[in-house]
Amino acid sequence: MNVTFENLTKRFGDVVAVDNISMEIKDGEFVALLGPSGCGKTTTLLMTAGIYKPTSGAIRFGDRVMNHVQPKDRNIGMVFQSYALYPHMTVYENIVFPMKLKKVPKQMMDQRARQVADMMGIGHLLDRRPGQLSGGQQQRVALGRALAKEPDLLLFDEPLSNLDARLRLSMRAEIKRLQLELGITSIYVTHDQVEAMTMADRIAVIQNGILQAYCSPDELYDQPRTLFIAGFVGNPPMNFLDVTVVQEEGTYHARRPGFDATVTPSRGAKAAGRGEVILGIRPEDITVSRTAMPGAFQAEVYVVEPLGRDDLVTVRFDGAELHVLVDPSMDLQMGESVYVVLDGERVQFFDPQTEKSLL
Ligand code: ATP
C-alpha cells in the first residue's frame, strides 16, 4: 500500500512541528524519517498512525484520505523505542492481542502467532511475561506483535535506541531482512544516520519540521543538497572550509591561505567567481602522503585517533584543519609534516548565504 503526505502540517500552539510536508512512500518501500531531536519525525509518524490529527493537509493510504480514520481502523503495526508490551500478559497473549481486536478467527490467530514467534526466534518464550525477558527479546516480541496482525503499514519509532550496540546491529539487519521478505510498506523514524543509511530505500531528511531532502541513501551521501544534510550525513562528518574558487587556464582551484586544491570543472564551475564559498570534503576523499604529490599542499599532523580499520587523522595548516581517514599502516606521528591532496571529483561547494549546494 502506498502512503502519501500532502502539505501535511501540525501545529501545537505556536510551534509548527511539521511544516507543509509532501512526499509519497511507494508500496513495499522502506522509508526513513531522519533528523535531529525535535525536528518533527515522531509527530509525522503519530499523524500517520492516527494518534494526532493533522492541522492541515492530508494523509492518504492508497487513494483513501485517512485524516479522520480512527487508529484502530488503519491496519498498521507499530514498534516503539519503549517496547510498550502489556506487562501482565504473556508473550503469546501480547502477540495475539491486536489480532483479537481485529477479530481474527482463533485458529488462524494461533497459527500466525506461532509462525511469527518462530520467525523472530522467540518461540520458546511464549509463556513468559515481558518482565522476564531481555530488552532485545522484548523488542522482538513487539516486532512480532506488529507483524502477526498482517498490517498494511509498519511504523517504527527509534525501535533500537534502548538496545546495546551489538544487539542493535543484529536487530537492524533482521528488521531489514524481514521487511524485504514481507514487503510491507514501512516508515522508520530515527535520528541515527547510520540506521537510516543502512536500512532505508529512501530517506526523508527533516529539519525544523521542513522536508529538506527525499532521496536514496547514495544520493544523500554523494550529492547533499544543503550544508545541513552534508554535515548531518556521514561519519566521521564532512569537513568544511571557507575558500574562493578561481579558474586559471581552464583549471579550477579552491584556495585559502596555505591551501590550494584543484577541482574538476563539473565541481568548480558554479562556485567560481562568487567570492567566498564553503568547500565540503569527506574524510575518505582526502589523501595524505609523506612525499610530494602533484597539487598537494603541506600540513602538520595534529592528532591521530585509531578507529580500527582506519586512523582518523587531524591535519592543520594556516589556522584551519581537516579530518582525514588514513590507513593505520602509515603510522603517522603527531607533529609530522605531510602533503595533502583532495579528490577534485568529490569536492562539494555550498553558498554561505543560502547554504544550498553549488553543484
Ligand atoms: P525526538 O527525536 O526527540 O523524538 P522528533 O523529531 O520526533 O524528536 P517531535 O516529537 O515530532 O520531534 O516534535 C517536534 C516539535 O513539536 C518539537 O518542537 C516538540 O517540542 C513539539 N511537540 C511535539 N509534541 C508536542 C505536543 N504534544 N505538544 C506541544 N508540542 C509538541
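Quick note: the coordinates plus some simple rules give every number you see, no bench work behind them. Keep in mind that this is a model prediction, so the values were computed, not measured. Ideal geometry is used to build each Cβ from the backbone, glycine not excepted, and the neighbour counts take in all protein chains shown.
A few comments on the model shown:
- For the chain, share of DSSP beta bridges that run antiparallel, in % to the nearest 5: 75
- If you count Lys pairs in the chain whose Cα atoms are under 18 Å apart, skipping same-chain pairs closer than 8 places in sequence, the total is 14.
- GluC sites (Glu not before Pro) lying in DSSP loop within segment 249-315, provided at most 14 other Cβ fall within 10 Å: Glu249
- Protection proxy ranking, highest mean first, for peptides 183-191, 337-345: 183-191, 337-345, where packing is the per-residue count of other beta-carbon atoms within 10 Å, averaged.
- Working from label points 7 Å from Cα in the Cα-to-Cβ sense, the Asp127 to Gln111 distance is 2.5 nm.
- Three-way shape label, segment 239-350, alpha-carbon gyration tensor, a/c 1.5: prolate
- Approximate spin-label separation Arg309-Asp201, in nm, with each point projected 7 Å along Cα-to-Cβ: 2.6
- Distance between the pseudo-spin-label points of Glu6 and Thr264 (7 Å out from Cα toward the beta carbon): 4.1 nm.
- Note on Asp242/Tyr86: beta-carbon distance plugged into 1/(1 + (r/R0)^6) with R0 of 51 Å gives a FRET efficiency of 0.35.
- Applying the Kirkwood pairwise sum to the alpha-carbon positions of segment 3-232 produces a hydrodynamic radius of 18.2 angstrom.
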